[in-house]
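The values are calculated or read from the model by the stated rules, or taken from the named source; none is laboratory data. Everything numeric here is computed off the predicted structure, so don't read it as measured data. Heads up, the Cβs are rebuilt from the backbone with ideal geometry, glycines too, and the neighbour counts pull from every protein chain shown.
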Amino acid sequence: MQTKEITLAFYGRSFPRSDWRQDLDEDALDAFLGDLQTELAPLRVVVRVLREPGTVLDIRGYGDLLNTVRLRSPRDGIGNLCLGHIIGTSPNRNIFEDIRRGVNRVAFAPETVMPEDGNRKVCHNCGCGC
């Protein structure tokens, strides 16, 4: 079985609204990511973490926070999708839970991730190979 590499990229965050803010505890995030890497390593999934503070997104709500977390898995055709695109709606608005869901989805079921608009394909699972 070949090793799969998934990159998690974290963009910079700006909170322009005075009535909504959800800061990430960077120490807790690092501990969580270390645990996630340890958990997935025996399954031959390598999770790399990048901080990209030069790319800053305005956060006006939880959906925007999900947009600051990007997943990349070129082997699966996932170039730089935001976490919200990967997981859809967040049931509990828990960023750590959502990151775990997104990474696991890319690791074990990348075919369930909707392609970016420009790369959509029609597939009816009929066996034609499209």
Practice item. Would you point out the residue of segment 41-89, among those that are among the acidic types (Asp, Glu) and over 21 Å from Asp30 (Cα atoms), that is nearest to the chain's Cα centre (by Cα)? Key: Asp76
Practice item. Taking the residues in segment 47-76 that are surrounded by 14 or more Cβ atoms within 10 Å (Cβ to Cβ) and in a strand (DSSP E or B) as candidates, determine which candidate is modelled with the lowest pLDDT. Key: Leu57
Practice item. Please identify the pairs in which a residue from segment 1-28 that is under 26 Å from Gly79 (Cα atoms) has its Cβ atom under 6 Å from the Cβ atom of a residue that is surrounded by 13 or more Cβ atoms within 10 Å (Cβ to Cβ) and among the polar types (S, T, N, Q), counting only partners at least 6 apart or on another chain. Key: Ile6/Ser73; Tyr11/Thr68; Arg13/Thr68
Revision key, fill the gap. Log entry, pairs with first residue in segment 95-111 being farther than 14 Å from His85 by Cβ, second being surrounded by 16 or more Cβ atoms within 10 Å (Cβ to Cβ) and among the β-branched types (Val, Ile, Thr), beta carbons closer than 7 Å, six or more apart or on different chains, reads Ala107/Ile6; Ala107/Val45
Check your understanding: Any idea which of (1) loosely packed, with under 14 Cβ neighbours inside 10 Å; (2) not in a strand (DSSP E or B) is the one Gly79 doesn't satisfy?
Key -> (2)
Check your understanding: What are the residues in segment 1-26 that are surrounded by fewer than 11 Cβ atoms within 10 Å (Cβ to Cβ) and closer than 20 Å to Leu71 by Cβ, if any?
Key -> Gln2, Thr3, Glu26
Point to revise | Selected residue (criterion: surrounded by the fewest Cβ atoms within 10 Å (Cβ to Cβ)) from residues of segment 34-46 that are of a type in the set (A, V, I, L, M) and in contact with a strand residue (DSSP E or B) (Cβ under 8 Å, 6 or more places away or on another chain) | key: Val46
Exercise for review: Could you look through segment 1-37, keep only residues that are among the β-branched types (Val, Ile, Thr) and more than 14 Å from Asn104 (Cβ to Cβ), and pick out the one that is modelled with the lowest pLDDT?
Suggested key: Thr3
